[in-house]
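Below is one structure, written out as structure tokens; comments come after it.
What follows is calculated from the coordinates using simple rules that are stated; it is not laboratory data. Source: prediction; values computed, not measured. So basically every Cβ, Gly included, is an ideal-geometry build from the backbone, and we count neighbours across all protein chains shown.
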């Protein structure tokens with residue numbers, strides 16, 4: 001060999017040892033998807049059968065067709081001075097605002113708690129103290145302190161999202177790989193650069209998971225939040241329909257809440273795949 | 001030039017360890033690594049090779065003695081010393097090019113300039129055409145080459161390598177040794193490499209140190225030139241089967257074994 005390393009070896013070296021394994025994303029009509037669809041269809045059929053046979057009074061369980069008809073009515077004409085879309089929009093706006101506030105406060109606090117044992121010592125007991133308390137339990141206190149306006153509703157949802165997001169961020173920061181940190185230090189990274197280029201991106205998978213959990217909890221707090229003097233929102237719609245025993249509208253509201261939650265979850269999963277494609281592989 | 005004078009590292013009480021309490025990790029290590037040397041640290045596992053490298057890197061503060069690079073005392077990690085880790089420590093959210101350009105980015109260079117520089121070092125390690133690939137798609141050997149290119153992009157005086165080929169398969173390992181010699185020849189950098197592979201150590205080193213078990217002292221110090229001969233054109237396998245290579249390898253192996261047996 002003339003060269004220290006021949007072009008042949010370089011080319012041979014340049015081949016990846018194994019073809020990269022891409023995460024298998026289920027094709028639209030894969031087995032699990034088909035089974036899931038069948039499961040939903042069986043449930044709908046059972047619902048239809050039970051109501052058609054009049055085993056249960058329509059007052060308690062209206063047939064699917066009645067709910068569908070109500071959907072068309074509420075979507076077009078509205079219920080309680082607002083269409084279904086306006087109710088959903090009001091709820092989504094509250095959750096979005098709460099999410100924004102939680103992201104802007106919980107992520108910095110989580111970073112701080114992950115980096116500083118002192119900060120962790122100060123805030124960890126506070127967060128762990130209120131986190132397991134159901135939002136309905138502290139809702140009255142929020143109403144006493146902040147009234148029955150929009151502030152109380154958004155605050156309740158914010159608090160629900162805040163705790164899982166702080167905890168996930170702090171955990172993500174504490175789990176940052178030590179050699180990555182050292183590598184950046186060896187390149188002369190400042191503290192700020194270390195945070196920006198190593199710590200934050202390393203913690204991103206955890207932060208996104210915290211966001212998913214937080215958004216789930218936040219959305220499920222919605223009905224509680226809209227118990228308080230709301231005039232619009234899916235939670236309010238379900239509550240007031242229940243008072244008039246409008247079971248079809250209650251069901252419609254529940255389905256809408258569930259479908260939106262499902263959509264949010266899918267969206268966040270897609271975001272996670274896009275933002276952290278290396279998760280579980282590096 | 002790296003200068004170590006009576007460098008001692010005390011036991012720091014790692015959690016969960018019950019053995020070797022109060023046994024220093026490094027005991028008064030004296031070593032002068034000259035400019036442009038390929039210095040190799042060899043020793044039984046757990047002997048403190050990596051600790052000594054970490055002292056030079058500035059990650060570990062010695063409890064006694066002096067460590068300096070080109071006359072400047074080492075007080076912490078710094079850009080004059082680049083580090084290549086056994087597990088590559090690449091950043092998975094950056095592609096190959098941006099990983100290599102990272103040290104320059106931290107230093108605040110212009111985008112075009114740092115990308116040119118990164119491309120140059122990627123070419124040196126044989127990775128042209130892989131610039132925009134995500135690093136988590138690469139094989140272990142390729143990731144190590146990205147790590148080497150990244151460390152070189154920082155243009156350090158000394159390149160420190162902590163068992164860089166330890167996790168690679170035998171064939172890739174030999175290729176990487178040859179690649180390292182090529183890179184060393186091309187850049188003229190001083191390299192300090194830690195390994196537990198005796199053949200690897202004898203093949204690469206111009207300056208070979210064998211450490212004893214804890215507390216680590218230098219039990220053998222040799223100046224060799226097999227790596228240089230390969231860099232100047234002799235085939236790797238031919239060198240590794242030369243009688244003089246085999247003789248040195250067996251002597252070094254004997255010294256390492258003697259340390260290992262002293263444990264049992």
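Per residue, the average separation of C-alpha pairs within less than 8 Å and at least 6 apart gives region B:157-204 a relative contact order of 56 percent.
Across peptide B:86-96, the mean count of Cβ atoms from other chains lying within 10 Å of each residue's own Cβ comes to 5.
Alpha-carbon geometry of chain A: the Rg and the Dmax are 25.3, 91 Å, given in that order.
Ranked by the mean number of other Cβ atoms within 10 Å per residue, highest first, peptides A:210-216, B:235-241 order as A:210-216, B:235-241. Value of Rg to Rh for region A:171-282, rounded to two decimals, is 1.23; Kirkwood radius and Rg both from alpha-carbon coordinates. With a Cα-only, solvent-free Debye model of region B:91-229, what are the log10 I(q)/I(0) values at q = 0.16, 0.19, 0.21, 0.22 Å⁻¹? Here the Debye-derived log intensity ratios amount to -0.86, -1.11, -1.28, -1.36. Dividing the summed helix terms, -39500 (n - 2.57) for each DSSP H run of n ≥ 4, by the number of residues in chain A produces a 222 nm estimate of -24000 deg cm²/dmol to the nearest 500. Among the residues of B:170-181, the average count of other protein chain beta-carbon atoms within 10 Å of the residue beta-carbon is 2. Under the criterion of Cα pairs below 8 Å and six or more residues apart, the relative contact order for region B:1-149 equals 21 percent.
The angle between the Cα long axis of helix A:234-243 and the main principal axis of chain A comes to about 30°, on a 0 to 90 degree scale.
Any chance you could give the angle, 0 to 90 degrees and rounded to 10, that helix A:150-174 forms with the longest Cα principal axis of chain A? It is inclined by approximately 30 degrees. Over all Cα atoms in region A:173-235, the spread is summed up by Rg and Dmax: 19.4, 59 Å. Peptides B:111-117, B:101-107, A:245-251 ranked from most to least packed give B:101-107, A:245-251, B:111-117, packing being the mean of other C-beta atoms within 10 angstrom over each peptide's residues. Peptide A:174-184 has a mean of 5 when you count, residue by residue, the C-beta atoms of other protein chains within 10 Å of its C-beta. Kirkwood hydrodynamic radius of the protein assembly as shown, from the reciprocal of the average inverse Cα-Cα distance over all distinct pairs: 28.0 Å. When you work out D = kT/(6 pi eta Rh) for chain B at 10 °C and 1.306 mPa s, using the Kirkwood radius from C-alpha pairs as Rh and the Stokes-Einstein form, the result is 84 µm²/s. Ranked by how many other Cβ atoms sit within 10 Å of their own Cβ, fewest first, the residues B:119, B:66, A:94, A:31 fall in the order A:31, B:66, B:119, A:94.
Assuming a viscosity of 1.567 mPa s and a temperature of 4 °C, what translational diffusion coefficient in µm² per second does Stokes-Einstein assign to region A:129-236, Rh being the Kirkwood radius over Cα pairs? Answer from the Stokes-Einstein relation: 82 µm²/s.
Once you reduce region A:196-264 and region B:74-132 to the center of their Cα atoms, the two points are 44 Å from each other.
In region B:116-163, Rg over Rh equals 0.96, where Rg is the alpha-carbon radius of gyration and Rh the Kirkwood radius from pairwise Cα distances. For chain A, modelled as a GNM whose springs connect Cα atoms under 10 angstrom apart, the maximal fluctuation among A:193, A:272, A:239 occurs at A:193. The spread of Cα positions in region A:41-152, taken along each principal axis and listed from longest to shortest, comes to 64, 32, 27 Å. For region B:44-113, the Kirkwood hydrodynamic radius comes to 14.4 Å, computed from all pairs of different C-alpha atoms. Here the contact order of chain A, divided by its residue count and restricted to Cα pairs under 8 Å and six or more residues apart, works out to 21 percent.
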